[in-house]
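**Q** Just passing along the structure, written as structure tokens.
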Amino acid sequence: MDSDWARGVDIDTPSAARMYDYYLGGGHNFAADRKAADAVIAAIPDLPRIAQANRAFLRRAVRFLVDSGVRQFVDVGSGIPTVGNVHEIAHRLDPDAVTVYVDLDPIAVSHSRQLLADTPRATALRGDLRDPVDLLAQLRQSPAAEVLDLEKPVAVLLVSVLHFVPGDEAYPCVATLLDAVAPGSWLAVSHSSVEGFAGLEKDDFDSAEQQYKKTTTPVGLRTRAEIERFFTGLTLAEPGLVWVPQWRTDEADGPFGDEPHRSGMLAALGQR
Ligand SMILES: C[S@@+](CC[C@H](N)C(=O)[O-])C[C@H]1O[C@@H](n2cnc3c(N)ncnc32)[C@H](O)[C@@H]1O
């Protein structure tokens, strides 16, 4: 595949954004992404379903946040646009809702920009969660500042991205972002957990981890307690930190039925 959107992008190094696009059945990925993603799926056959369950959580979280009065969304690690993007869900409920998408991956950003070309209340930035000072500076300038008002509450969405910022480095990054947003703002997180993948054979786990080491964003799981730590000082919305398919599910029978831990991911929303 070669086209304008791929110009200047290193297509020989797999990318977490494009591998995730592949899990979801999208078409914005290259041979190196598909090879790495297929190797991860061979080790964790549930992965496409996990990605679907995570997107379903994101949709429920946005609906909950709009119902709770939030009208501004900053979606960091937003990925390549797919069905049911944040601005689409939010706009359906309130056409005045605004969304700023942020991603490290140039292809995710260029596709988001294309999709948003005729959408005045949403924009996309290239930014790095590991550099929150630069990210905040970008949010305070055009084009983000034309849609976003950081003096008013926002929802910071860190959905399936914090495991790409392993180690203690992630905590001050999240805290810096939350300190900069208005009281009443929200944090939404989904995160691959140690407990969620504990049932995997060690060889399978190592093999999946190895594929992500080839990307620019190696993966690092956290324990439940380590994930909960991101919410220090925030008030958790019911039902707290739970498996992704369990978070305010509106489906009688979620994608993993009575085995929600097979999603491997924990999720919660908390308010400042
Ligand atoms: C698994 S996808 C999740 C996409 C979307 N949030 C979702 O849950 O459907 C992870 C995304 O995070 C992005 N990402 C990884 N590390 C990042 C960082 N340090 N800053 C910003 N984005 C990052 C990747 O490029 C990728 O698009």
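The values are calculated or read from the model by the stated rules, or taken from the named source; none is laboratory data. Values in this document were obtained by computation on a predicted structure and should not be read as measured data. Counting neighbours? That spans all protein chains shown, and the Cβs are built from the backbone with ideal geometry, glycine included. Accessible surface areas use protein heavy atoms only, side chains included; no ligands, DNA or RNA. Shrake-Rupley method; radii C 1.70, N 1.55, O 1.52, S 1.80 Å.
**Q** What's the number of the condition SER185 fails, among (1) of a type in the set (Ser, Thr, Tyr); (2) farther than 20 Å from ALA268 by Cβ; (3) over 16 Å from the mean Cα position of the chain (by Cα)?
**A** (2)
**Q** Turning to a different aspect of this structure: Just give me the residues in the range 116-147 being open to solvent by 70 Å² or more (accessible area, probe 1.4 Å) and over 18 Å from the mean Cα position of the chain (by Cα), in sequence order.
**A** ALA117, ASP118, PRO120, ARG121, VAL133, ARG140, GLN141, SER142, GLU146
**Q** When the residues of the range 38-77 are narrowed to those that are more than 16 Å from PRO260 (Cβ to Cβ) and charged (D, E, K, R), which ends up surrounded by the fewest Cβ atoms within 10 Å (Cβ to Cβ)?
**A** ASP67
**Q** Inside the range 129-173, can you point out the residues that are in a helix (DSSP H, G or I) and of a type in the set (A, V, I, L, M)?
**A** Keep residues of the range 129-173 that are in a helix (DSSP H, G or I), which gives 132-139, 144-147, 162-164, 170-173.
Listed by number, the residues that qualify are VAL133, LEU135, LEU136, ALA137, LEU139, ALA144, ALA145, VAL147, LEU162, ALA170.
**Q** Do you know which residues across the range 211-241 are surrounded by fewer than 19 Cβ atoms within 10 Å (Cβ to Cβ) and of a type in the set (Val, Ile, Thr)?
**A** Hits for the range 211-241 are THR216, VAL219, THR223, THR232, THR235.
**Q** If a residue must be under 21 Å from VAL159 (Cβ atoms) and assigned to a loop (DSSP other than H, G, I, E, B), how many such residues does the range 192-233 contain?
**A** Residues in the range 192-233 being under 21 Å from VAL159 (Cβ atoms) and assigned to a loop (DSSP other than H, G, I, E, B): 14 in total.
**Q** How do the pairs read when you match residues in the range 121-150 that are closer than 16 Å to VAL161 by Cα and modelled with pLDDT of 95 or more with residues anywhere that are within 11 Å of the ligand (Cβ to nearest atom) and open to solvent by 70 Å² or more (accessible area, probe 1.4 Å), using Cβ under 8 Å and keeping only pairs 6 or more apart or on different chains?
**A** ARG130/GLU169
**Q** Hey, PRO183 hits all of (1) over 16 Å from THR99 (Cβ atoms); (2) open to solvent by 60 Å² or more (accessible area, probe 1.4 Å); (3) part of a helix (DSSP H, G or I) but one; which does it fall short on?
**A** The failed condition is (3).
**Q** Taking the range 5-37 as the region of interest, how many residues are open to solvent by 50 Å² or more (accessible area, probe 1.4 Å) and of a type in the set (Asp, Glu)?
**A** 2
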